[in-house]
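The values are calculated or read from the model by the stated rules, or taken from the named source; none is laboratory data. Note that the coordinates shown come from a computational prediction; the quantities given were computed from them, not determined experimentally. Virtual Cβ from ideal backbone geometry, glycine too; neighbours counted across all protein chains shown.
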Amino acid sequence: MSYQVVIDTARPSLRKLLRRVEPKALNKIIARSALRLTRDRFAQVATYMRNPWGKPAQFWKRMYRGSRAESSSYSAAVLVPREVALHYYGGTVRPTGGRKALTIPANASAYRRSAKSFRDLVVVVLKGRAALARVQERKGRNKGSDKLTVYYWLVGAVRMKPNLSVLPTERQYQAGISRDVMDYFSRGTPPRLPPVG
Amino acid sequence: MADPAAIPAPPPPPRRPARPFIEGFLRASSRGILPTSLDSRELGARLSGELRRSSTFAARMEIASVLQRIRDVTATIVQGPTDADEAARDAGESPLLLSLPEAKARILDELYRANYRPAPDEEGTIKDFTTDARLDLIVSTNEAVVHGHGSWVASLEPDVLDAFPAQELVRVSPAEEPRNWTLRWMMAGGTTYGGRMVALKGAPVWDALGNNALFPDALGNPYPPFAFNSGMDVRDVSRAEAEAIGLMQPGSAAPRPDPRALTEGMRVQADRFDELLAEALAENPDIELVDGVLRPRNP
């Protein structure tokens, strides 16, 4: 994603100032502004995204904290964790590492938990669907029959649709960054400048 | 906000080289290992914030190999994928990223390998390291603290301080049972501006929010997360905003960078661990290091 920052250089004072400002410092501010916009969006998404059991998902909090600004004398960027890309662009998730199936949590106890951490799940097939379940012998008057609790559904792939709302639009980035840069250059106190000479 | 239904899906992104977060990896992997039999309260009271930030530890976890595993999975998660990880994913050998569930499973494997046993009265509780709740807390907190430290250092760079001299305490994730952060803010000495919890970076309120003596569930850091399982974080506030709400006078200088941001850089942390531990032992004669484990001193 790229964007342009349009800075109004009509005022002679601003033109004079811009000639002296280091691109590195300007890009740092641009990156920081973009980071704030990105994080604001993640916090907003977190307010309405829920896990399948209606509980607040922790995912967007992790994305908020894992995002960072990077800049140099020739560029400014926001780096977000890679997982955001799957939500934004969509895609197909397939098993890797020799595994033949993905494990999709089937109850709240399995959420955010690896199947192998249970250590006592077995593969079952229920109405044509493969699953990992715990099989427990019933007690009392039901003794002799087994209680089956499904923890994960086993699937070959999961397709995620793109969701552009997880990031600000280009127009929103441009507007927000331009505002922060103009505020920075229009204030009463001059910004940090490199030594003259 | 864009309507996803109205806009066609963007093309898949071009393949770019992996951008591992090397700085974060080094920050996480350079922390010293501190096995201890002390509980959270005792650790908060006896260890300096700098020592805690320089260490990988967990309340009442005495097994060094488990702490080593915690440190390693944290560093891997924070780092993100490398070129080698991408090659392994393309070859079908392993997933690209270390997921949270897999990270917890790796720590659980080490707990079983090391024959960890919870105390009988703690089995199945949050104090039992083999429970998912405890493992989730460990991995989530360690990841968040490493990221928090990096964000804190970056926010105190002089150019950033100049443009964004303040920050606001905001909720970034809903909580089922939220703490009263406005009350905490006031207890920490903060001032609200139209209900907003805003302060200059480096203001005492940020240290106070993470102070164990004030809040028993605090993590001891001047940056978020300030407490266990917290959905609060900070958001930059520009100079224009700070002046508009009355936090700064127009024309006033930007706050000075916190010197700890320089002295607690990742390299220095690794070098200082032994020194900081020695200081803690000297200042707290009621604790001692026995066979590499920090314990209460036997009377």
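Tabulated data for the structure shown
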read-out: Region A:46-75: number of residues that are among the hydrophobic types (A, V, I, L, M, F, W, C) and buried (at least 22 other Cβ atoms within 10 Å of the Cβ); value: 4
read-out: Matching residues in region B:142-169 - criterion: being in contact with a Phe, Trp or Tyr (Cβ under 6 Å, 6 or more places away or on another chain) and among the aromatic types (Phe, Trp, Tyr); value: B:Trp152
read-out: Those residues of region A:36-52 which are more than 9 Å from every other protein chain (Cβ to nearest Cβ) and among the β-branched types (Val, Ile, Thr), in sequence order; value: A:Thr38, A:Val45
read-out: Odd one out for B:Trp181 among (1) under 19 Å from A:Gln58 (Cβ atoms); (2) within 14 Å of another protein chain (Cβ to nearest Cβ); value: (2)
read-out: Residue in region A:91-108 that is nearest to the chain's Cα centre (by Cα), counting only those that are modelled with pLDDT of 90 or more and hydroxyl-bearing (Ser, Thr, Tyr); value: A:Thr92
read-out: Matching residues, region A:48-78, being closer than 19 Å to B:Pro224 by Cβ and over 9 Å from the mean Cα position of the chain (by Cα); value: A:Pro56, A:Ala57, A:Gln58, A:Arg65, A:Arg68, A:Ala69, A:Val78
read-out: Test: residue in region A:90-98 that is touching a strand residue (DSSP E or B) at 6+ places or on another chain (Cβ under 8 Å), in a strand (DSSP E or B), at positive phi and in contact (Cβ under 8 Å) with a residue 24 or more places away in the chain; value: yes
read-out: Single residue of region A:81-91 satisfying the filter (in contact with a helix residue (DSSP H, G or I) (Cβ under 6 Å, 6 or more places away or on another chain) and within 25 Å of B:Asn142 (Cβ to Cβ)) that is nearest to the other protein chains (Cβ to nearest Cβ); value: A:Pro81
read-out: Matching helices (runs of 4 or more DSSP H) fully within region B:177-268 where at least 1 residues are in contact (Cβ under 8 Å) with a residue 12 or more places away in the chain and under 26 Å from A:Val181 (Cβ atoms); value: B:239-245, B:260-263
read-out: Residue, surrounded by the fewest Cβ atoms within 10 Å (Cβ to Cβ), within region B:96-140, restricted to residues that are among the acidic types (Asp, Glu) and in contact with a Pro (Cβ under 8 Å, 6 or more places away or on another chain); value: B:Asp128
read-out: So B:Ala227, is it at pLDDT 90 or above, of a type in the set (Gly, Ala, Ser), out of contact with any helix residue (DSSP H, G or I) (no Cβ under 9 Å at 6 or more places or on another chain) and at negative phi; value: no
read-out: Subset of region A:64-75 (residues that are in a strand (DSSP E or B) and either of a type in the set (S, T, N, Q) or more than 10 Å from chain B (Cβ to nearest Cβ) (or both)); value: A:Ser71
read-out: Candidate set from region A:97-118 (those that are among the basic types (Lys, Arg) and farther than 12 Å from B:Asp132 by Cβ); member that is nearest to the other protein chains (Cβ to nearest Cβ); value: A:Lys116
read-out: Hits in region B:50-70 - residues which are within 18 Å of B:Asn221 (Cα to Cα) and part of a helix (DSSP H, G or I); value: B:Glu50, B:Leu51, B:Arg52, B:Arg53
read-out: Count of residues meeting criterion [surrounded by fewer than 18 Cβ atoms within 10 Å (Cβ to Cβ) and among the β-branched types (Val, Ile, Thr)] in region B:214-259; value: 1
read-out: Qualifying residue in region B:95-109 (condition: at pLDDT below 90 and more than 23 Å from the chain's Cα centre (by Cα)); value: yes
read-out: Residue list for region B:135-159, restricted to those being under 25 Å from B:Glu243 (Cβ atoms) and without any contact (Cβ under 8 Å) to a residue 60 or more places away in the chain; value: B:Ala154, B:Asp159
read-out: Residue satisfying all of: in region B:39-49; part of a helix (DSSP H, G or I) and buried (at least 21 other Cβ atoms within 10 Å of the Cβ); modelled with the lowest pLDDT among these; value: B:Gly44
read-out: Failed condition for B:Arg46, given (1) out of contact with any Leu (no Cβ under 6 Å at 6 or more places or on another chain); (2) closer than 27 Å to A:Arg82 by Cβ; (3) of a type in the set (Lys, Arg); value: (2)
read-out: Any hit, region B:61-72, residues being facing chain A (nearest Cβ under 10 Å) and at pLDDT 90 or above; value: no
read-out: Single residue of A:Val78, A:Val125 found to be at pLDDT 90 or above, assigned to a strand (DSSP E or B), surrounded by fewer than 18 Cβ atoms within 10 Å (Cβ to Cβ) and more than 11 Å from every other protein chain (Cβ to nearest Cβ); value: A:Val125
read-out: Subset of region A:53-63 that is hydrophobic (A, V, I, L, M, F, W, C) and not in a helix (DSSP H, G or I) - its residue that is farthest from the other protein chains (Cβ to nearest Cβ); value: A:Trp53
read-out: Some residue of region B:195-213 being surrounded by fewer than 23 Cβ atoms within 10 Å (Cβ to Cβ), more than 26 Å from A:Trp60 (Cα to Cα), more than 9 Å from chain A (Cβ to nearest Cβ) and touching a Phe, Trp or Tyr at 6+ places or on another chain (Cβ under 6 Å); value: no
